[in-house]
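The structure under discussion appears below in the form of structure tokens.
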Amino acid sequence: MIYPRIEGEVSVRPRAPELVPIAEKVEAGERISREDAIALFETDDLLAVGSMADLVNRRLNGDRVYYVANQHINPTNVCILNKVCVFCSYGVRPLAEDAYTMSLEEVYAEADAARHSPTREFHIVGGLHPKLPLSYYTDMIRGLKERHPHVHVKALTAVEIAHLARIEGVTTKDVIRELKDAGLDAMPGGGAEVFSPAVRSTIADRKLAADEWLQVHREAHEMAIPTNCTLLYGHVESSADRVDHMLMLRDLQDETRGFSTFIPLAWHPDNTALGREMGVEGHRTGGLDDLKALAVGRILLDNIPHIKTHWIMVTTKVSQIALSFGVDDLEGTVVLEKITHTAGADTPIGLDLDEIVRLIRDAGKTPVERDSLYNAVAEPAVA
């Protein structure tokens with residue numbers, strides 16, 4: 001049994017007959033198959049899918065919902081893939097009018113907002129700048145650690161690490177080792193998008209391939225650096241593409257046990273070349289699809305301990321409902337989100353801790369403030 005039963009749990013009773021054998025597997029703690037997961041994505045019995053995910057989550061995490069006092073820092077929006085990643089609105093060419101690259105002092109000044117706040121994590125990602133060396137990032141991490149020794153640093157996607165390896169003429173393992181020596185605590189899961197070669201060639205041609213992305217995370221796990229993993233959904237991918245992507249994550253997790261969290265990311269099409277080509281600017285993924293991505297992720301990824309809803313992408317209301325659809329992590333304060341908002345997000349750029357705690361408690365759950373490693377750090381300091 002993958003996850004043990006808990007006392008008093010209620011059996012799932014699907015309305016759709018084809019889901020009954022899947023529900024029986026979930027209740028028995030058995031691993032579901034590729035075909036099972038595709039069926040979960042394609043059914044209209046949303047409540048049955050949510051009930052299965054909720055059962056799995058309760059077995060793994062009880063009624064706890066984690067959140068973190070975090071701060072996003074995006075050092076540059078200059079990106080050599082600005083014409084390649086057609087789903088993205090953030091990256092720009094070096095001479096673009098809105099291009100920016102922060103000096104280290106500017107990074108430190110932005111981070112200084114954490115000095116008199118309960119910030120536990122810096123989340124650092126940005127574009128693939130053609131000229132910023134590895135030392136820019138190692139100096140940045142060391143400087144942040146010196147100024148904020150209590151704050152965890154979660155920084156640089158696998159795509160950024162591979163880019164730095166090419167610039168420096170070294171291996172990705174060398175880059176990860178240098179970052180760890182500088183004080184890196186964890187890695188985010190961005191850049192995965194969808195692993196399907198056909199989808200990848202459509203939305204992010206020539207971006208880091210699936211096997212390369214997975215190898216960077218494998219290397220991080222081998223160095224005891226925990227990482228997140230993601231799926232970008234809501235564009236040209238199929239249900240099978242989503243499931244195959246998740247199965248590749250599940251296989252690596254079976255091998256390394258290094259993923260902390262799975263985060264489905266809802267695509268925002270505004271101001272993107274892909275959005276214009278598809279004629280979908282101004283549209284968003286629907287709540288049903290958002291909830292399914294989270295719930296199926298919880299059921300299929302039985303070996304990844306946490307599922308996070310990114311409230312910036314799906315709204316706080318959908319995220320709150322998702323706490324009954326297998327989700328046990330409500331993200332965090334964020335402070336200043338830039339990337340999704342360039343693509344038309346109309347959610348807040350950050351949330352106060354008391355609002356996060358209220359959302360969790362109103363959903364009947366127990367708030368647990370965490371650090372990057374999912375250690376509980378304190379009882380909530382707000383009512």
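Using a cut-off of 12 Å between beta-carbons, work out the net charge of the residues near LYS365 (Lys and Arg +1, Asp and Glu -1, LYS365 not included).
-1
Which order results if SER260, SER324, SER103 are arranged by neighbouring Cβ count within 10 Å, fewest first?
SER103, SER324, SER260
Relative contact order for the chain using alpha-carbon pairs under 8 Å, separation at least 6, rounded to a whole percent?
Details: 736 pairs, mean separation 81.6, N = 383.
Once normalised by length, the contact order is 21 percent.
Using unit Cβ charges (K, R positive; D, E negative) and no other charged atoms, how large, in debye to the nearest 20, is the dipole of the range 123-195 about its Cα centre?
The dipole of the range 123-195 has a size of about 80 debye.
Taking one equal scatterer on every alpha-carbon of the range 150-189, how large is log10 of I(q)/I(0) by Debye at q = 0.23, 0.26 1/Å?
-0.70, -0.85
Taking the beta-carbon count within 10 Å as an exposure proxy, list HIS217, HIS123 from fewest neighbours to most. Provide the component values of the computation, followed by the final result.
Numbers: HIS217 27, HIS123 24.
The most exposed by this proxy come first: HIS123, HIS217.
Suppose we keep just the DSSP beta bridges with both residues in the chain; what percent of those would be antiparallel, to 5?
15 percent
Report ³J(HN,Hα) in whole Hz for each residue of the range 351-366, in order, from the Karplus equation J = 6.51 cos²θ - 1.76 cosθ + 1.60 where θ = phi - 60°; Gly and Pro get x.
10, 6, 4, 5, 5, 4, 4, 4, 4, 5, 5, 5, 8, x, 10, 9
I'd like to know which of GLY275, CYS229, ILE321 lies farthest towards the positive end of the charge dipole of the chain, counting +1 on Cβ of Lys and Arg and -1 on Cβ of Asp and Glu.
Checked the options; the winner is CYS229.
Can you give the angle from 0 to 90° between the axis of helix 210-222 and the longest principal axis of the chain, with both taken from C-alpha atoms, to the nearest 10?
Long axis of 210-222 versus the principal axis of the chain: about 90 degrees.
Rank-order 150-162, 232-244, 32-44 by packing density, defined as the average count of other C-beta atoms within 10 Å over each peptide's residues, highest first.
Numbers: 150-162: 23.8, 232-244: 19.9, 32-44: 17.4.
So the order, starting with the most tightly packed, is 150-162, 232-244, 32-44.
Between GLN71, LEU301, HIS217, whose Cα lies farthest towards the positive end of the dipole of the chain when Lys and Arg beta carbons carry +1 and Asp and Glu beta carbons carry -1, centred on the Cα centre?
Toward the positive end, the furthest listed residue is HIS217.
Suppose every Lys and Arg Cβ carries +1 and every Asp and Glu Cβ carries -1, with no other charges. What dipole size does the range 37-127 come out with about its Cα centre, to the nearest 20 debye?
Numbers: 7 positive and 12 negative charges, 55 e Å.
That gives the range 37-127 a dipole magnitude of about 260 debye.
List the cysteines of the chain that have no other Cys Cβ closer than 4.7 Å: which are they?
Cysteines lacking a close Cβ partner in the chain: CYS79, CYS229.
Nothing charged except the Cβ atoms of Lys and Arg (+1) and of Asp and Glu (-1): what's the magnitude of the dipole of the chain about its Cα centre? Round to the nearest 20 debye.
260 debye
Seen from all sides and averaged, what is the projected area of the convex hull of the Cα atoms in the range 89-178, in nm²?
That works out to 6.5 nm².
Any chance you could check the Cα centroid distance between the range 213-234 and the range 165-195 for me, in angstrom?
So the separation of the two Cα centres works out to 10 Å.
Could you give the alpha-carbon Rg of the range 1-151 over 2.2 N^0.38 Å, rounded to two decimals?
Details: Rg = 23.2 Å, N = 151, 2.2 N^0.38 = 14.8 Å.
Normalised Cα radius of gyration, the range 1-151: 1.57.
What list do you get for LEU81, LEU164 if you sort them by fewest beta carbons within 10 Å?
Arranged by neighbour count, lowest to highest, LEU81, LEU164 become LEU81, LEU164.
Please report, in whole Å, how far the alpha carbons of the range 259-311 spread along each principal axis, starting with the longest.
38, 21, 18
Among VAL151, GLY183, PHE195, which residue has its Cα furthest toward the positive end of the charge dipole of the range 148-208, with +1 on Lys/Arg Cβ and -1 on Asp/Glu Cβ?
PHE195
Just checking my list (1) 21.6, 65; (2) 20.0, 61; (3) 21.0, 80 against Rg and Dmax of the Cα atoms in Å computed from this structure; which label fits?
Among (1) 21.6, 65; (2) 20.0, 61; (3) 21.0, 80, the one derived from this structure is (2).
Where a number appears in this text, it was derived from the coordinates with a stated rule and is not lab data. All values derive from a computational prediction rather than experimental measurement. In this analysis, Cβ positions are derived from the backbone assuming ideal geometry, glycine residues included, and neighbour counts consider all displayed protein chains.
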